[in-house]
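These notes concern the structure reproduced below.
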Amino acid sequence: MQIQPLERLEWVYPEFFVHYLRDFERVRSFFIYSPHDEAAFARRAQALERLSHRPPREAVARALAAYNAALDAEEPALEAARRLADPQALVVVGGQQPGLATGPLYTVYKAMGILYWARRLAETLKRPVIPVFWLATEDHDLVECNQLHVLDERGRLHRLELPFPARATGGQPPVGTLPLVPAARALIAEVARLAGVAAGHPVVAVLEDARRRATNLGQWVARLLVRLFSRDGLVVLDPMDPALRQLSRPLLQRALVRREAIHRELAAAAARLQRRGYRPGLDVDPAHANLFYFDGRRRAALLWQDGRFTDRHGRLAFAPAELARELEYHPEAFSPNVVLRPLVQDWLLPVVAFVVGPGETRYLAQLRDVYPLFGLEMPVIVPRPGFTLVEPAAVERLQRYGATVGDVLADPAALRRRVLEGLDSLGIDARFAALRQQMKDLYTALLDDLERVRPELRPLGQENLGRILMQVDYLHRKTWQHHRRRHREVARDLDWLEGSLRPAGQPQERVHNVFPYLMRYGDRWLRSLLRAPWPGGHQLVFLDPPVDERAAGPDAAGTAGAVAPGRPAER
């Protein structure tokens, strides 16, 4: 396996995240600490020592140890969970909602980033640093969670999903609580088929074993994360754990009485972002209480309307005192929205660093001044690692057409045009451009003469020319269409490259899932990436050809080099 940095981050990341990575001074005013300042982590650790109002560490540690033990986590993760009780312990945290079989690749990359930063900071700070993955089971965006994409050998991208029960009127149940329907077994089999492996493949068995032991989507994903990373010490946290929700209650209570102040700070930060030319990441209804209420069947946003807290459908209605009493006695029925989630995280855990992706970075830029409303301070925000996995078949196709990974990431349509134009012995574009010009020249002379016959003939002739040029354009398009059909194998190669490296016009890490790669290449590349030094930004990972993982074993990993031999640097 070889690793090569991608220089043009704008090919895979939005502008704000690129500035955060490469030009931090442009966005510094939206954050407390710079992730590029080594001393920032020590200052954050010192700041945490001044915050004494948090829940007892021992209670959080017990809840995490019990939850991970129930997931059959390995001893390194259980020891890490127990060690959170140490007064010197710090936490590196990151998270994601549960997607099918862990969802897009970036979920796994976040877990890897959490492990990397915990290991690195434990060495530099000389203190225990616990890696925690916050599995956002309380999320309600079923459309985002219920999709798994797999590329077949012809370059077709297949979107798989599970037939979860239809959304009920008045709200969606938390996605983590959705029962694993029997179709999950068929989904795993379809992933294996599209990935080109047998039903008895060891990685298929991992997916199937986790499915059998889980009762809902949240548990399935949690068990998969444990299977992948508990040996490395990753601790999985489910915020819907009743013990943790009970410990979160004081912060949620404070959120109810500080709703207006929260929204003032959000609006002020949004205005600052807009003045700097950035689009705000959060657009929260000022009436939103920043809390959801779960009645056991559905999760609904709480809104402040006419002196009461209600939902959008009028099904719920609480006077302030009634809601405060409900929160006091049933905190497990409440969950935070996107604004409060990071604050609940920092309330429960001594977070020294928060590992985030591009979207989270943009909305955290609006939260800097919300943290102090709860006696908290924003931690160091560190970017998650980013990778594009380049399979051997991609390298072969790129070499065949004299292209680079960057050509596909930057503009796959331009690459397609260039390759097909190279196969165009007729000179299609030039011939049709000449034909268009000839028609225009002929009509220009003709219309000059016709105008002397009757002036009204010029606009009629111009309309007639427009129709002729439309027909020329139609023939131009049909010619290219037949040209592509004539070179179907080339078109399929280009389809496959685009589907592999920039599927659906998106960065690979936002679409593809990790398990087809584990099926085809084993886990050696994953274990190698965990050990590799990361320079930051985004890396191209050139995977080695597949081997029999059962013969090689999980530790027979290759080494990560700086640049893949014979592969031009991406610019």
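Taking first residues from segment 510-539 that are under 15 Å from residue 112 (Cβ atoms) and not assigned by TED's automatic domain parsing to the domain that holds residue 152 and partners that are in a helix (DSSP H, G or I) and of a type in the set (D, E, K, R), the Cβ contacts under 8 Å between residues at least 6 apart in sequence or on separate chains come to 523/549; 524/549; 530/232; 537/22.
Going by the conditions given, is residue 128 within 18 Å of the chain's Cα centre (by Cα) and not small (Gly, Ala, Ser)?
So residue 128 fails the test.
Exactly one residue among 450, 465, 426, 460 is in a loop (DSSP other than H, G, I, E, B), farther than 30 Å from residue 159 by Cβ and either in contact with a helix residue (DSSP H, G or I) (Cβ under 9 Å, 6 or more places away or on another chain) or at pLDDT 95 or above (or both), and that residue is 426. For segment 361-389, the set of residues classified as within 22 Å of residue 14 (Cα to Cα) and part of a loop (DSSP other than H, G, I, E, B) consists of 365, 366, 367, 368, 384, 385, listed by residue number.
Summed over segment 123-157, residues that are of a type in the set (Phe, Trp, Tyr) and over 18 Å from residue 60 (Cα atoms) total 0.
Regarding residue 343, is this residue touching a Phe, Trp or Tyr at 6+ places or on another chain (Cβ under 6 Å) and not assigned by TED's automatic domain parsing to the domain that holds residue 382? First the steps, then the outcome.
On the way: touching a Phe, Trp or Tyr at 6+ places or on another chain (Cβ under 6 Å): yes; not assigned by TED's automatic domain parsing to the domain that holds residue 382: yes.
In short, yes.
Any chance segment 200-218 includes a residue that's closer than 20 Å to residue 93 by Cβ, modelled with pLDDT of 95 or more and crowded, with 19+ Cβ neighbours inside 10 Å? So far as segment 200-218 goes, yes, one or more of its residues are closer than 20 Å to residue 93 by Cβ, modelled with pLDDT of 95 or more and crowded, with 19+ Cβ neighbours inside 10 Å.
Can you pull out the residues in segment 137-168 that are assigned to a loop (DSSP other than H, G, I, E, B), acidic (Asp, Glu) and closer than 22 Å to residue 335 by Cβ? Across segment 137-168, the qualifying residues are 138, 139, 141.
Rundown of residues vs (1) farther than 29 Å from residue 536 by Cβ; (2) surrounded by fewer than 16 Cβ atoms within 10 Å (Cβ to Cβ); (3) acidic (Asp, Glu), yes/no style:
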| position | (1), (2), (3) |
| --- | --- |
| 30 | no, no, no |
| 34 | no, no, no |
| 50 | yes, yes, no |
| 55 | yes, no, no |
| 65 | yes, no, no |
| 68 | yes, no, no |
| 71 | yes, no, no |
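Somewhere in segment 101-115, is a residue aromatic (Phe, Trp, Tyr) and surrounded by fewer than 23 Cβ atoms within 10 Å (Cβ to Cβ)?
Residues of segment 101-115 that are aromatic (Phe, Trp, Tyr), as a first pass: 106, 109.
Okay, now just the ones that are also surrounded by fewer than 23 Cβ atoms within 10 Å (Cβ to Cβ), so 109.
Yes, that holds for at least one residue.
The values are calculated or read from the model by the stated rules, or taken from the named source; none is laboratory data. On a predicted model such as this, the values are computed, not experimentally measured, just so you know. Here Cβ is always computed from backbone atoms with ideal geometry, including for glycine, and neighbour counts include all displayed protein chains.
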